[in-house]
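The values are calculated or read from the model by the stated rules, or taken from the named source; none is laboratory data. Treat the numbers as computed from the prediction; the structure is a model and nothing was measured. Note: ideal-geometry Cβ built from the backbone for every residue, glycine included; neighbour counts use all protein chains shown. For accessibility, only protein heavy atoms count, side chains too; no ligands or nucleic acids. Shrake-Rupley method; radii C 1.70, N 1.55, O 1.52, S 1.80 Å.
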Amino acid sequence: MLHKITPNFENPIHLVGLSGVVVATGVISVYGFQKFKLFKERRRLACLTKRKQTERQEVLAKLKAEYEFTPKRQLIIEIPVNELIEKLQKRVLSATEVFEAFLAKSILATEAFNSITEYIPQALEWAKMLDALPNPKGPLHGLPFCVKDDYDVKGMDTTLGLAKYLYQPAEDSAALVKVLRDLGGVPFCKTNIPQTTFSFGSENPVFGAVLNPLFPERKMAPGGSSSGTGSLIAANGAVFGLGSDIGGSGRIPAHMCGISSIKPTTGRLCKRGAAMRLLPDCVGCAEIFKRFYKWI
């Protein structure tokens with residue numbers, strides 16, 4: 001038999017029971033609300049990731065159609081760095097010619113090894129500006145270089161491989177990017193990294209995994225966290241690259257990709273614009289220079 005029980009508010013036992021029900025209901029409500037917020041945020045980030053991936057593929061397809069990797073461009077990217085610098089300084093080759101050659105090669109490298117996250121739209125304009133100057137701008141005049149996706153480039157995202165940082169373009173470029181531009185270099189792309197950069201791996205959920213050009217058939221990783229930089233340079237897709245190195249993030253990819261890296265003393269180079277949000281006082285820079293391989 002069932003019957004209704006009327007609570008006696010003067011009875012302490014009944015009061016304790018009711019308060020327990022209220023507390024439990026509150027906890028369940030808060031937990032449910034937090035789960036709902038988490039679900040909405042995951043869905044939002046998934047939509048942002050899908051949108052970015054679609055845009056990236058469209059840009060890559062458009063660039064590939066515009067910049068064919070011709071035999072002439074093949075010859076340009078095979079010129080040793082010291083000779084390439086000399087030809088640029090003497091205006092035997094234009095900055096635009098060299099930029100377009102490495103752009104064409106980098107497209108193929110990204111299709112094969114997923115080295116690049118995004119291309120810098122202003123790069124062609126910067127190369128043409130160098131060609132319009134009466135004299136070479138500096139020792140790096142016309143040399144195309146890549147920028148690891150933990151350094152700011154004005155107007156572009158610095159994601160660290162995290163969807164939460166998509167569509168948040170930087171208001172200014174990192175100090176090191178500016179310095180290299182002042183020396184005549186042409187930054188033309190941002191390179192892929194493991195999520196948060198604190199990994200020797202090479203994968204993130206936004207742009208995917210980077211592969212090592214030295215072992216294309218085995219689909220091996222290039223090491224991290226300057227994964228895309230090491231991969232792109234090993235594939236002859238850039239003359240040199242800007243990265244970061246705290247515990248081997250530049251040296252490990254260099255070793256695994258058969259190239260070289262330089263890690264200056266921490267604090268020697270300006271960290272402004274370097275997106276090391278977790279360890280802001282441990283910024284190092286790896287400038288990874290290319291080495292040519294006959295079989296690439």
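May I ask you to verify whether LEU143 is closer than 18 Å to THR229 by Cα and open to solvent by 50 Å² or more (accessible area, probe 1.4 Å)?
Against the criterion (closer than 18 Å to THR229 by Cα and open to solvent by 50 Å² or more (accessible area, probe 1.4 Å)), LEU143 does not qualify.
Answer yes if at least one residue in the stretch 239-259 is under 12 Å from the mean Cα position of the chain (by Cα), of a type in the set (Val, Ile, Thr) and either modelled with pLDDT under 85 or surrounded by fewer than 23 Cβ atoms within 10 Å (Cβ to Cβ) (or both), and no otherwise.
no
Restricting attention to the stretch 63-100, and to residues there that are of a type in the set (S, T, N, Q) and in a helix (DSSP H, G or I), which single residue is most open to solvent (accessible area, probe 1.4 Å)?
ASN82
GLY155 - would you say it is open to solvent by less than 30 Å² (accessible area, probe 1.4 Å) and over 12 Å from the mean Cα position of the chain (by Cα)?
When the stated conditions are applied, GLY155 does not pass them.
Answer yes or no as to whether GLU41 is modelled with pLDDT under 95, within 25 Å of the chain's Cα centre (by Cα) and under 29 Å from THR158 (Cβ atoms).
yes
Quickly run through the stretch 129-147 and pick out the residues that are under 10 Å from ALA95 (Cβ atoms) and either of a type in the set (Val, Ile, Thr) or assigned to a helix (DSSP H, G or I) (or both).
Within the stretch 129-147, MET129, LEU130, ASP131, ALA132 qualify.
Six or more apart or on different chains, Cβ atoms under 7 Å: show the pairs whose first residue is in the stretch 33-46 and aliphatic (A, V, I, L, M) and assigned to a helix (DSSP H, G or I) and whose second is at pLDDT 85 or above and open to solvent by 100 Å² or more (accessible area, probe 1.4 Å).
If the second residue must be at pLDDT 85 or above and open to solvent by 100 Å² or more (accessible area, probe 1.4 Å), the pairs left are LEU45/LYS164.
Can you find even one residue in the stretch 203-222 that is of a type in the set (A, V, I, L, M, F, W, C), in contact with a strand residue (DSSP E or B) (Cβ under 9 Å, 6 or more places away or on another chain) and over 20 Å from LYS52 (Cα atoms)?
Checked the stretch 203-222: at least one residue is of a type in the set (A, V, I, L, M, F, W, C), in contact with a strand residue (DSSP E or B) (Cβ under 9 Å, 6 or more places away or on another chain) and over 20 Å from LYS52 (Cα atoms).
Could you list all residues from the stretch 161-173 that are part of a loop (DSSP other than H, G, I, E, B) and open to solvent by 10 Å² or more (accessible area, probe 1.4 Å)?
Scanning the stretch 161-173 gives LEU162, TYR167, GLN168, PRO169, GLU171, ASP172, SER173.
Would you mention how many residues in the stretch 197-208 are open to solvent by 40 Å² or more (accessible area, probe 1.4 Å) and in contact (Cβ under 8 Å) with a residue 60 or more places away in the chain?
Total satisfying the criteria: 2.
May I ask you to list pairs of residues, at least six apart or on different chains, whose Cβ atoms are under 9 Å apart, with the first in the stretch 91-104 being at positive phi and touching a residue at least 60 places away in the same chain (Cβ under 8 Å) and the second being of a type outside the set (D, E, K, R) and assigned to a loop (DSSP other than H, G, I, E, B)?
Hits for this filter: zero, empty list.
Residues in the stretch 32-49: is at least one under 29 Å from LEU214 (Cα atoms) and open to solvent by 90 Å² or more (accessible area, probe 1.4 Å)?
no
Can you give me the number of residues within the stretch 174-196 that are in a loop (DSSP other than H, G, I, E, B), surrounded by fewer than 24 Cβ atoms within 10 Å (Cβ to Cβ) and more than 14 Å from the chain's Cα centre (by Cα)?
2
Condition first: open to solvent by less than 10 Å² (accessible area, probe 1.4 Å), small (Gly, Ala, Ser) and not in a helix (DSSP H, G or I). Now tell me which residues in the stretch 216-235 satisfy that.
GLY223, GLY224, SER225, SER226, ALA235
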